[in-house]
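A.B. asks: This structure is in structure tokens; I'll ask about it shortly.
FYI, it's all coordinate maths here, none of it is from the lab. These numbers were taken from a predicted model, which means no experiment stands behind them. As a convention, Cβ positions derive from the backbone with ideal geometry for all residues, glycine included, and neighbour counts pool all protein chains shown.
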């Protein structure tokens, strides 16, 4: 298990950043803080912006966790668009963590994929470079479409779903240090960082599957961190990694903390 404070930080960073991301998509987004649950639901087609997460750190027993899973599933069923329940395993008591899979099944939730929280006091970084890439900061809707399309290809969403999460965003053009990595004029990788409660949070890193394993994701992540750190003076960074991305980030200086599980609703 990770240090509890690091795992709490990881959960709180999600709740803080996702509130802004949901409201960016819809000023009427559901961004409630309930007992033991944070709802951050834009109800848009991009499923990552539709999120519920458990928020109590180590104090909820198995019965309370089961109740909250049931409540999360009710909230998710009431929405128009699908999304995910995020569970930070190290915030659960041992018994609750052991029984999580069975409790989720009873709540009508289906395990989707794993992840891991990460953080590190790693800034400032040297200015990055990659011999194949030039970096362009996202500043137009054309850039946002390219950024969205990279995420759609990387995570298996439709192009329309990805674009619904980003195109037209003022937040992403003005407040996120979002960069495209261009190879021969074509966007092949992307990453962003955004200021969040005294930290830089890395968000939506993706590489076109046709161009993986060339160091592109690491290079563009370093660029987003370098520029975000230079602009803000922050020294600590956080992120949530998928299994595919998890091996990249320790090379930059991140340390894993809480394992995560993502759940969707079971098919009817």
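A.B. asks: For the range 10-83 and the range 228-246, what is the separation of their C-alpha centers, rounded to whole Å?
C.D. replies: Spelled out, the Cα-based centre of one part sits 22 Å from the other.
A.B. asks: Please label the shape of the range 143-268 as rounded, prolate or oblate, based on the square roots a ≥ b ≥ c of the eigenvalues of the alpha-carbon gyration tensor (a/c under 1.5 means rounded; beyond that, a/b larger than b/c means prolate, else oblate).
C.D. replies: Since a/c stays below 1.5, the shape of the range 143-268 is classed as rounded.
A.B. asks: Now, a different point. Shape of the range 110-167 from its Cα gyration tensor (a ≥ b ≥ c, root eigenvalues): rounded if a/c is under 1.5, otherwise prolate when a/b > b/c, or oblate?
C.D. replies: oblate
A.B. asks: Between helix 4-25 and the chain, what is the angle of the helix's C-alpha long axis to the longest principal axis, kept within 0 to 90° and rounded to the nearest 10?
C.D. replies: 70
A.B. asks: Just grab the label-to-label distance for residue 235 and residue 98, each label 7 Å out from Cα along the Cβ direction, in nm (one decimal).
C.D. replies: 4.2
A.B. asks: Okay, next question. If you compute percent of Cα pairs over 25 Å apart for the structure shown, which of (1) 49; (2) 36; (3) 42 do you land on?
C.D. replies: (3)
A.B. asks: Packing-wise, with mean Cβ within 10 Å as the measure, how do 39-48, 128-137 rank, highest first?
C.D. replies: 39-48, 128-137
A.B. asks: Under 1.5 on a/c is rounded, so check that first for the range 1-114, then, if it is not, pick prolate when a/b is larger than b/c and oblate when it is not; a ≥ b ≥ c are the square roots of the alpha carbon gyration tensor eigenvalues. Walk me through the numbers before you get to the answer.
C.D. replies: Working: a/c = 2.02, a/b = 1.37, b/c = 1.47.
Note, shape of the range 1-114 comes out oblate.
A.B. asks: Highest mean first, how do 89-100, 222-233 rank when packing is the count of other Cβ atoms within 10 Å averaged over residues?
C.D. replies: Values: 89-100: 18.1, 222-233: 20.5.
The packing order, highest mean first, is 222-233, 89-100.
A.B. asks: Go ahead and estimate [θ] at 222 nm for the chain from helices alone: -39,500 (n - 2.57) per DSSP H run with n ≥ 4, summed, over the residue count, rounded to 500.
C.D. replies: Result for the chain: -11000 deg cm²/dmol, rounded to the nearest 500.
A.B. asks: Please list, by residue number, everything in the range 139-166 whose backbone N is under 20 Å from a paramagnetic label point 7 Å out along Cα→Cβ of residue 242.
C.D. replies: Only 144-166 fall inside the zone, counting backbone N under 20 Å.
A.B. asks: To the nearest 10 degrees, how steep is helix 141-155 against the longest Cα principal axis of the chain, on a 0 to 90 scale?
C.D. replies: Approximately 50 degrees, to the nearest ten.
A.B. asks: Expressed in nm to one decimal, what extension gain is obtained for the pair residue 212 and residue 140 from 0.36 nm per residue of sequence separation less their Cα-Cα distance?
C.D. replies: 23.4 nm
A.B. asks: In degrees from 0 to 90, rounded to the nearest 10, what is the angle of the helix 216-232 Cα long axis to the longest principal axis of the chain?
C.D. replies: 90
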